[in-house]
Amino acid sequence: MDFFLQLLVNGVCVGLLYGISAMGFVMIFKSSSVLNFAHGELLALGAFFFLALITWAKLPVLIAFILTLVGCFILGFLIERFFLRPLIGEKLIFVIMLTVGLAAMFKGLILLIWGGNLHTYPDFLPEAMALKLGSIYIAPVYSATLVISVLFLVLFGLFFKKSSQGIYMRSVADNQKAALSLGVHVRRVFALSWAIAALVASMSGIVLGIINGVNVHDLSSIGLKVFPVVILGGLDSIGGAIIGGIIIGLLETFTGGYISPSLRDVVPYIVLVFILLVKPYGLFGLVEIERV
Amino acid sequence: MRKFSFHPCGNYREDYAQELTIFDTDYGRVCVGLFLVLLFFVIPLTVSPYMLYILNTIGIAAIAAIGLNILIGYTGLISLGHGAFFGVGAYAAAILATRVGLDFYLAIPAAGVITALVGMIIGIPSGRLKGLYLTIATLAGQFIIEYVLIHWDSMTQGTMGITIPPAKIMQWEIAGDKSFFFLIFFCLVLMTWFAVNVMRSKYGRAFIAIRDNDRAAEGMGIPIFKYKLLSFAMSSFYAGFAGALWAYYMVSVTAEPFNLSLSVEFIAMVIIGGMGNIPGAIFGATFITLLNELLRYITGFLMNIGVVTSSGLNMAPLREFVFGLSIVLFILLEPRGIAELWRIIRSNFRLWPFSY
């Protein structure tokens, strides 16, 4: 029973991580319907910026964190401006392959600068944040993750419901042409959504880096694990991303714990195929109606 | 003997047969003939073994790229699983050759057929999904096949890999770069001929109709699910065939090369070469393979320069960076690929020396 509970808690923790990693991905998809294959590399870039600021520049944690977020915000903006904007209205395959190309570029760049080894952040989270529920131990990072993901969920919820930019974003996602004709600055919305997505990605990258150490290969493979998560939750639902993340996290840890550890990494994709066959738009996704 | 025809100075086509013709002029026919003579009688006898090795790799990649182009360029379905299909073909050939004892000329097509069946299974979601959802489904297919290849120990011998007996016809053994050159390029020419001709038949037109608008195609009476599956089957047959050739050429098969980055490389070949263009796939395969070789050479060269070695910089990731950069630049600057560049160059020469 203890084993089960520990797996349950681990699964939820890992799942929350997947969830917040997926949030940035969903942001981009929601406003510009771009499937971002470079998401894992965005996570890695954030994590490595933070690493550079904290170990090489020796800045205090808080300042380094804020600088990383600002840096990634600008980076996201630039990516949209230089690479994605020329492709507005182009075929899906070009957009997908562009993000794949960007992923290869970023990965090469990170490997060139930092190498493929595992780096770690110095410890800075207080041990007091650790939770103990009976025999189950929750490490401080995981409780920090919980706090961050709930915080961001609420922030995003408010942003999309209340702020004018958020409403513009939803309108663009819903119908680009209609939004354009009603005077929404669609290009600005795209740029902003990429910038925010890169910001969120860098934040999740830092959290992942605290837990697993910073390694390009691990972080970019998380970028691929985002796909089952968002498909499960529906590609355009931010709350769904968190729930999808938790389901995938639970699935992984239980498969790893009870069936076989090697099956762990492939189970999300098997589930993904079945979900796509049964409910193609995910659990919380919007069903698209097509006309010829 | 009929008159040797040149390019007309306008569109004087009178029926569909003229529209469907492969060679507009006899000049093109002669050029292709000359090229084939050069390819089979001059090149293998003159170039170095290393060049032959590169050419062989290009040939194998080109077969797979043509297959993927049928799927992406003509049918408009994006598959991220072709690296895995290539692997299925390689393993199928290896298992057929070692367990069943088939000769290579049976094992390679059989491997293609097995891969086509696997491809159809991966293609089943295309009945309900399209666009990016289908892309994600094929991504899942890539990971699942990769897992099976590594963990189905009793069949694939896991990480140990399988060693393949040499390819033999009667007493004559196909070994070494030169004899493989003939085998690979004979297959490539055959597969190209087949693909070009299928694409101007009823099947090819159905594929193109599905690409341009699948709902409308269905309305016109094309059973789209059947044709989508057919497209998956054809394209994975090509991938499996190429994989089987690769397995024989490399002698031993392990699961590592058949990962997602191989799939990405194949898609890059299709995009850089030119989508919806069969010769384009060959251009793309040539470009990517040469780029890989060139970058390998350059990074090897840079590693040996004193300054770089002493600064502790590892130049190997440069390869990945340039690979990504070339994809991005092609998409942004020439989305129709090398085939389009080639067309522009040719049409500049058409009116030479009186171009305007």
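Being at the interface with chain A (Cβ under 7 Å from one of its Cβ atoms) and surrounded by fewer than 18 Cβ atoms within 10 Å (Cβ to Cβ) is the filter here, so list the residues in region B:132-169 that pass it.
Restricting attention to region B:132-169, the residues satisfying the condition of being at the interface with chain A (Cβ under 7 Å from one of its Cβ atoms) are B:132-133, B:135-137, B:139-140, B:143-144, B:147, B:151.
B:HIS151, the sole residue that qualifies.
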With the condition kept exactly as written, say whether any residue in region A:23-35 is touching a His at 6+ places or on another chain (Cβ under 7 Å) and among the small types (Gly, Ala, Ser). yes
Output the residues belonging to region A:67-86 that are crowded, with 17+ Cβ neighbours inside 10 Å and either within 12 Å of chain B (Cβ to nearest Cβ) or not in a helix (DSSP H, G or I) (or both). A:ILE79, A:PHE83, A:LEU84
For a quick check of your reading of the model, give me the residue pairs whose first member lies in region A:140-156 and is of a type in the set (Phe, Trp, Tyr), whose second is surrounded by 17 or more Cβ atoms within 10 Å (Cβ to Cβ), with beta-carbon atoms closer than 6 Å and at least 6 apart or on different chains. A:TYR142/A:CYS13; A:PHE156/A:ILE238
Taking the stated definitions as given, is B:TRP172 without any contact (Cβ under 8 Å) to a residue 40 or more places away in the chain, away from chain A (no Cβ under 14 Å) and not acidic (Asp, Glu)? yes
For region B:320-347, pairs from a residue that is among the acidic types (Asp, Glu) to a residue that is in a helix (DSSP H, G or I), with Cβ under 8 Å and 6 or more apart or across chains, are B:GLU320/A:ALA104; B:GLU320/A:MET105; B:GLU320/A:LYS107; B:GLU320/A:GLY108; B:GLU320/A:LEU111; B:GLU334/B:GLU340; B:GLU334/B:LEU341
Is there a residue in region A:215-235 that is outside any helix (DSSP H, G or I) and surrounded by fewer than 24 Cβ atoms within 10 Å (Cβ to Cβ)? yes
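Report yes if some residue within region B:104-121 is among the β-branched types (Val, Ile, Thr) and within 13 Å of chain A (Cβ to nearest Cβ); otherwise report no. I'd like the intermediate steps shown before the answer.
Narrowing region B:104-121 to residues among the β-branched types (Val, Ile, Thr): B:108, B:113-115, B:118, B:121.
Narrowing further to those that are within 13 Å of chain A (Cβ to nearest Cβ): B:121.
Yes - at least one qualifying residue is present in region B:104-121.
Give region B:246-255 a look and list any residue that's outside any helix (DSSP H, G or I) and more than 14 Å from every other protein chain (Cβ to nearest Cβ), or say none.
Of everything in region B:246-255, those that are outside any helix (DSSP H, G or I) and more than 14 Å from every other protein chain (Cβ to nearest Cβ) turn out to be B:VAL251, B:SER252, B:VAL253, B:THR254.
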Do we find that A:VAL207 is more than 14 Å from every other protein chain (Cβ to nearest Cβ) and under 12 Å from the mean Cα position of the chain (by Cα) in this structure? yes
Residue list for region A:238-284, filter: under 29 Å from B:THR159 (Cα atoms), more than 10 Å from chain B (Cβ to nearest Cβ) and part of a loop (DSSP other than H, G, I, E, B): A:PRO261, A:ARG264
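Does B:ALA216 fit the bill of being closer than 24 Å to B:SER126 by Cβ and either touching a residue at least 40 places away in the same chain (Cβ under 8 Å) or surrounded by 13 or more Cβ atoms within 10 Å (Cβ to Cβ) (or both)?
Judged against the criteria, B:ALA216 is not a match.
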Condition check: part of a helix (DSSP H, G or I), more than 24 Å from B:LYS130 (Cα to Cα) and more than 14 Å from every other protein chain (Cβ to nearest Cβ). Does B:MET191 satisfy that? yes
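Name the one entry in B:TYR91, B:TYR74 that is aromatic (Phe, Trp, Tyr) and away from chain A (no Cβ under 14 Å).
Working: B:TYR74 fails: away from chain A (no Cβ under 14 Å).
Unique residue meeting the criteria: B:TYR91.
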Which residues, counting only those in region A:87-108, are more than 22 Å from B:LEU134 (Cα to Cα) and surrounded by fewer than 21 Cβ atoms within 10 Å (Cβ to Cβ)? none
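Report whether or not B:LEU295 is within 14 Å of another protein chain (Cβ to nearest Cβ), more than 27 Å from A:LYS91 (Cβ to Cβ), among the aliphatic types (A, V, I, L, M) and in contact with a helix residue (DSSP H, G or I) (Cβ under 6 Å, 6 or more places away or on another chain).
Working: within 14 Å of another protein chain (Cβ to nearest Cβ): yes; more than 27 Å from A:LYS91 (Cβ to Cβ): yes; among the aliphatic types (A, V, I, L, M): yes; in contact with a helix residue (DSSP H, G or I) (Cβ under 6 Å, 6 or more places away or on another chain): yes.
Yes.
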Please tell me if A:VAL214 is touching a residue at least 60 places away in the same chain (Cβ under 8 Å) and either away from chain B (no Cβ under 14 Å) or under 30 Å from B:MET220 (Cβ atoms) (or both). yes
Among the residues of region B:89-98, is any buried (at least 24 other Cβ atoms within 10 Å of the Cβ) and touching a Pro at 6+ places or on another chain (Cβ under 8 Å)? yes
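Here, each number is a calculation from the coordinates, and none is a lab measurement. Computed from a predicted structure; not experimentally measured. Every residue, glycine as well, gets a Cβ built from its backbone with ideal geometry; the counts of neighbours run over all protein chains shown.
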